[in-house]
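Student: After the structure tokens below, expect a handful of questions from me.
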Amino acid sequence: VVVLIDRYLADDEAARLYRGAMLGVYPFREVETSASVVRAVANGVRVLAPRIGGVPDIAARVGPEWLSMYDGALTPDVLRGAIAWASGPKPPSPPNLVGRTEGTEGVVSFAQGIAARRRGDADTTPAG
């Protein structure tokens, strides 16, 4: 089952969706960083996202078992590969993002820390 949601989700609604999700797909064309990606991983959902903007920085924090990246367009082959990857054995628990992902404010804080680090701001590296 594929569910497309193109609107803001409150934490409780998002948590219900994450519990049933095998894979979160974020086909960004442009992105500096993404609280949505961080939020999905923090809730135990593997993610597929393009290797652009701050996504590689998030991947470095959460690891390849949680975030798979692709280059170029999101093709059926890329999606099939991600579904096969996400169908495999799941790590026992999401990465420890040191409380930065509790609720919407924590997720946004973590994502903003990554964005600030990409800009070169001092003392803004997210914990984790």
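Student: Could you list all residues from the range 82-97 that are more than 17 Å from the chain's Cα centre (by Cα) and open to solvent by less than 50 Å² (accessible area, probe 1.4 Å)?
Tutor: Of everything in the range 82-97, just one residue is more than 17 Å from the chain's Cα centre (by Cα) and open to solvent by less than 50 Å² (accessible area, probe 1.4 Å), namely G88.
Student: Follow-up question, since we're still on this one. Pick from the range 5-34 the residues that are assigned to a loop (DSSP other than H, G, I, E, B) and in contact with a strand residue (DSSP E or B) (Cβ under 9 Å, 6 or more places away or on another chain): which of them is least open to solvent (accessible area, probe 1.4 Å)?
Tutor: That would be S34.
Student: Go through the range 43-89 residue by residue and tally those that are part of a helix (DSSP H, G or I) and not hydrophobic (A, V, I, L, M, F, W, C).
Tutor: Count: 8.
Student: Looking at L48 and the list (1) open to solvent by 20 Å² or more (accessible area, probe 1.4 Å); (2) under 11 Å from the mean Cα position of the chain (by Cα), which single condition is not satisfied?
Tutor: Unmet condition: (1).
Student: Right, here's the next one. So which residues in the range 47-64 are at pLDDT 95 or above and closer than 26 Å to R19 by Cβ, if there are any at all?
Tutor: V47, L48, A49, P50
Student: Go through the residues of the range 98-110 one by one and say whether even a single one is at pLDDT 90 or above and crowded, with 16+ Cβ neighbours inside 10 Å.
Tutor: From the range 98-110, those at pLDDT 90 or above are none; that's our starting set.
Looking for residues that are at pLDDT 90 or above and crowded, with 16+ Cβ neighbours inside 10 Å, one finds none in the range 98-110, hence no.
Student: Quick one: is A40 surrounded by fewer than 16 Cβ atoms within 10 Å (Cβ to Cβ), part of a helix (DSSP H, G or I) and either out of contact with any Cys (no Cβ under 8 Å at 6 or more places or on another chain) or at negative phi (or both)?
Tutor: Here the answer is no, as A40 does not meet what is asked.
Student: Still on this structure: Being in contact (Cβ under 8 Å) with a residue 60 or more places away in the chain and in contact with an Asp or Glu (Cβ under 6 Å, 6 or more places away or on another chain) is the filter here; which residues of the range 54-95 pass it?
Tutor: Within the range 54-95, just G54 meets the criteria.
The values are calculated or read from the model by the stated rules, or taken from the named source; none is laboratory data. The model shown is predicted, which means the values in this text are computed figures rather than measured ones. No Cβ is skipped: glycine too gets one built from the backbone with ideal geometry, and neighbour counts run over all protein chains shown. For the accessible areas, the whole protein counts, side chains as well, though only heavy atoms, and no ligand, DNA or RNA atoms are used. Shrake-Rupley method; radii C 1.70, N 1.55, O 1.52, S 1.80 Å.
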